[in-house]
Amino acid sequence: MSLVGKKFPNITVDAMSEMGDDLRINIFEEATKNNKKVLLFWYPKDFTFVCPTELHAFQAALPEFEKRNTIVVGASCDTNEVHFAWLNTAKDNGGIEGVTYPIIADTQRNLSSVLGILDVENEVYNEELDSVQIEGSNVTYRATYLVDESGKIFHESVNDMPLGRNVNEYLRLIDAYTHVQTHGEVCPANWEEGKDAMNANRNGVADYLSKH
């Protein structure tokens, strides 16, 4: 079920700072109390393969997100201790040393469960043990959420485990949403900052299509 257009779940979770400080982060409050947009990206596991390339890519683009009044937060189901170990592992050894944004440690899976992004193929009740056995990795897919200043989700996307994200697409989406907020126009296909937008009516689309 899509969460686009809805408020981000008002849930506080553990997180780790680059300095090794244990944090408590609430994405909804990060947006509303700071009057900023938030990009939250989930990845499956620390110390894996595609994941560090994504964390470094978001770090490299951090100044661009900051220019757009946007906070970046990473997230997985690993513990704070594992996050900190990965933050202290050199880039040339598969680590994320140099990453400065906070990383959520959703070890209880409270937030990822509400978002519905866990890799759970099936839940089977074991009568003998009187317990539910999970089939699947029970870690998150590569899910991404863009949240506006009111705490509303204006974009969500979910990639399967092997598929890395294009960071520039999230910058484009933030630019487009900010344009809508500022000018009241809508952004057509393949819109980028500086290109024509259009009025959301029949004349607006006819005018736009006649020029493109």
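For the chain, the residue among 122, 177, 138 whose Cα projects farthest onto the positive side of the dipole built from Cβ charges is 177. Amide H to amide H, with H built 1.01 Å from N, residue 155 comes under 5 Å of 146, counting only residues 5 or more places away or on other chains. Stretched out straight at 0.36 nm per residue, the stretch from residue 190 to residue 48 would grow longer than its current Cα-Cα span by 47.9 nm. What you get for the stretch 59-128, charging only the Cβ of Lys and Arg (+1) and of Asp and Glu (-1), is a dipole of about 580 debye around the Cα centre. Residue order by solvent-accessible surface for 142, 109, 202 is 202, 109, 142, largest first, with ligands and nucleic acids left out and a 1.4 Å probe. Taking 0.36 nm per residue of separation and subtracting the Cα-Cα distance, full extension of the segment from residue 21 to residue 110 would add 29.9 nm. Under a Gaussian network description of the chain, with springs only between Cα atoms under 10 Å, the residue in 168, 26, 93 that fluctuates furthest is 93. For the chain, the longest principal axis of the C-alpha atoms and the axis of helix 167-183 are separated by about 50°. Lys-Lys pairs in the chain that are eight or more residues apart or on separate chains and whose Cα atoms lie under 28 Å of each other come to 29. What percent antiparallel are the DSSP beta bridges of the stretch 6-165, to the nearest 5? Around 75 percent antiparallel, to the nearest 5. Tell me which of 89, 71, 104 sits at the most positive position along the dipole axis of the stretch 6-165, charges placed on C-beta atoms (Lys, Arg +1; Asp, Glu -1). Final value for the positive-end residue is 71. Placing unit charges on the Cβ atoms of the charged side chains and taking the dipole of the stretch 166-211 about its Cα centre, the candidate lying farthest along the positive direction among 189, 167, 203 is 203.
Placing unit charges on the Cβ atoms only, positive for Lys and Arg and negative for Asp and Glu, gives the chain a dipole magnitude near 1060 debye about its Cα centre.
Short-range pairs are left out: with C-alpha atoms under 8 Å and at least six residues apart, the relative contact order of the chain is 23 percent. Name the residue, out of 132, 50, 147, whose mean-square fluctuation peaks in a Gaussian network model built on the chain with Cα pairs under 10 Å. Result for the chain, Cα springs under 10 Å: 132 fluctuates most.
Here the average projected area of the convex hull drawn through the C-alpha atoms of the chain stands at 14.4 nm². Each residue, residue 33 and residue 180, gets one label point 7 Å from its Cα in the Cβ direction; the gap between the two is 2.8 nm.
Over the stretch 1-52, the alpha carbon radius of gyration divided by the compact-protein estimate 2.2 N^0.38 Å works out to 1.35. Charge dipole of the stretch 166-211 (Cα centre as origin; +1 on each Lys and Arg Cβ, -1 on each Asp and Glu Cβ, all else neutral): 160 debye, rounded to the nearest 20.
The values are calculated or read from the model by the stated rules, or taken from the named source; none is laboratory data. If you're wondering where the values come from, they're calculated on a predicted model, not measured in any experiment. Every residue, glycine among them, receives a Cβ derived from its backbone with ideal geometry; neighbour counts consider all protein chains shown. Please note that ligands, DNA and RNA were not included when accessible areas were found on the heavy atoms of the full protein model with its side chains. Shrake-Rupley method; radii C 1.70, N 1.55, O 1.52, S 1.80 Å.
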